[in-house]
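Structure first, commentary second.
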Amino acid sequence: MDIKELFKLAAQKNASDLHLVVGLPPLLRIDGDLSYVEGENALDEKDMEKIVDSLTTEEEKKRFLATRELDIGCAIDNFRYRINLHFEKNNIGLVARVISDKMPSLEEIGIPKIIYNLLDLKQGLILVTGPTGCGKSTTLAAMIDYINNNRFCNIITFEDPIEYLFKPKKSVIVQRQLGTDMLSFASGLKHALRQDPNVIMVGEMRDLDTIAATITLAETGHLVLATLHTYSAAQTIDRIIDIFPPHQQTQVRMQLSMTLASVISQRLVSKKDGGRIAAREILLNTPAVANMVRENKIAQIKTVLQTNMKEGMISLDQDLIRLYKDKTIEKETAQVYMENPEMLEKFKLI
């Protein structure tokens, strides 16, 4: 198969990712598990060079060979593909994320109702966090689509590369891609204020400059949605503060305490009947939480999550218990992802 046929196969098989590695046949990740594409031979260096030539422009290829990394996107039929080209053992490698052109809704991905209220805010910072492949981009897209359907505003997204393509409904949506529309996230965000935004989406807060610019935008009267590769709400706040030099951390804690609206930390877990579902931890920035952030008492946030379900907060363990009680996931699945698996026994669920 050529690369476009492999992309189409990945979409047909409901795979989340396609992996191409020299010396191995193509692999698909389906429901979290990797498997080889049946009937395909191992790829060699010439195969990968042809694939790069077919996917990149001359300028992109030069940049790839110079930097040894390249993120690009392409569209085939009703799917888009977020492609990462890289080198391993001096051979070209490729990983492509499969993205349907069907825009996910908040209902379809099971976002709690409390988050709908946050998306009506005029300003604040909403963070979607979790490990790679946990559905952060899908959650962000569903949030932007909800705003697009319900608010008259100017939405600007900063992405690497553009994944879901939004069609303006009530809102104006401008999508900017790293490398073609801006030189860096930090520079794009720096000039965003001149573009009269109401809502800003940052595909990934990946460095100090981007994080600082994102917090500033949330502080200056904008609703900002962003992602971060962290495993919990508490770790997210710690990571943001720790990336700043020590002499700035008190100021950053103060900024976060005022601008943070919510941290949504999620995992994709296997369902009983096949497929995967998101389990989420949701932290809301109540006065108590804001005070903990200001006073650097982040360790106490776990307790707040566990004791404030009435306000809409929930810990990851509590959400996994909910999914198990609803018979959506197996007991073993819940235990694998829980920080305290013994909670299942406490609730007499084992």
Select from Q300, M143, I51 the residue farthest towards the positive end of the dipole of the chain; place +1 on Cβ of Lys and Arg, -1 on Cβ of Asp and Glu, and compute about the Cα centre.
Q300
So how strong a dipole does the stretch 201-285 carry about its Cα centre when Lys and Arg Cβ are +1 and Asp and Glu Cβ are -1, to the nearest 20 debye?
440 debye
Overall form of the stretch 28-171 per C-alpha gyration tensor (a/c, 1.5; a/b vs b/c):
prolate
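Using the count of nearby Cβ atoms within 10 Å as a rough guide to exposure, how do I240, I301 rank from fewest to most? Walk me through the numbers before you get to the answer.
Working: I240 27, I301 24.
So the residues, fewest neighbours to most, are I301, I240.
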Note down the nm distance, to one decimal, between modelled labels 7 Å out along Cα→Cβ at L165 and at Q249.
4.6 nm
Rounded to 0.05, the calculated FRET efficiency for the beta carbons of K346 and K62 at R₀ = 56 Å is 0.40
Counting only residues 5 or more places away or on other chains, whose amide H sits under 5 Å from the amide H of M182 once H atoms are built in the peptide plane?
Q177
Calculated from DSSP H runs of 4 or more alone, at -39500 (n - 2.57) each and per residue, what is the 222 nm mean residue ellipticity of the chain, nearest 500?
-10500 deg cm²/dmol
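Nothing charged except the Cβ atoms of Lys and Arg (+1) and of Asp and Glu (-1): what's the magnitude of the dipole of the stretch 261-350 about its Cα centre? Round to the nearest 20 debye. All intermediate terms of the calculation are to be shown ahead of the outcome.
Values: 15 positive and 12 negative charges, 32 e Å.
Result for the stretch 261-350 is approximately 160 debye, rounded to the nearest 20.
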Which of the lysines could a cross-linker bridge to K302, judged by Cα under 20 Å and excluding same-chain residues fewer than eight apart?
K310, K346
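Using only C-alpha positions, report the orientation-averaged shadow area of the convex hull of the chain, nm², one decimal. Don't skip to the answer; put the middle values down first.
Details: hull surface 75.4 nm².
The number I arrive at for the chain is 18.9 nm².
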Report, ordered by chain and residue number, the lysines lying within cross-link reach of K167, taken as a straight Cα distance under 28 Å and ignoring same-chain residues fewer than 8 apart.
K4, K8, K13, K102, K113, K122, K136, K190
One finds the C-alpha centres of the stretch 94-134 and the stretch 243-319 to be spaced, in Å, by 16 Å
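What Kirkwood radius, in Å to one decimal, follows from the Cα pairs of the stretch 113-314? Walk me through the numbers before you get to the answer.
Details: mean 1/r = 0.0582 Å⁻¹.
Kirkwood radius, the stretch 113-314: 17.2 Å.
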Show the residues, 5+ positions off or on another chain, whose built amide H is closer than 5 Å to the amide H of D17.
R29, V98
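Each reported figure results from applying straightforward, stated rules to the coordinates on display, with no laboratory input. The shown structure was predicted, so the numbers you read here are calculated from the model rather than taken from an experiment. Don't worry about glycine lacking a Cβ; one is built from the backbone with ideal geometry, like all the others, and counts go over all protein chains shown.
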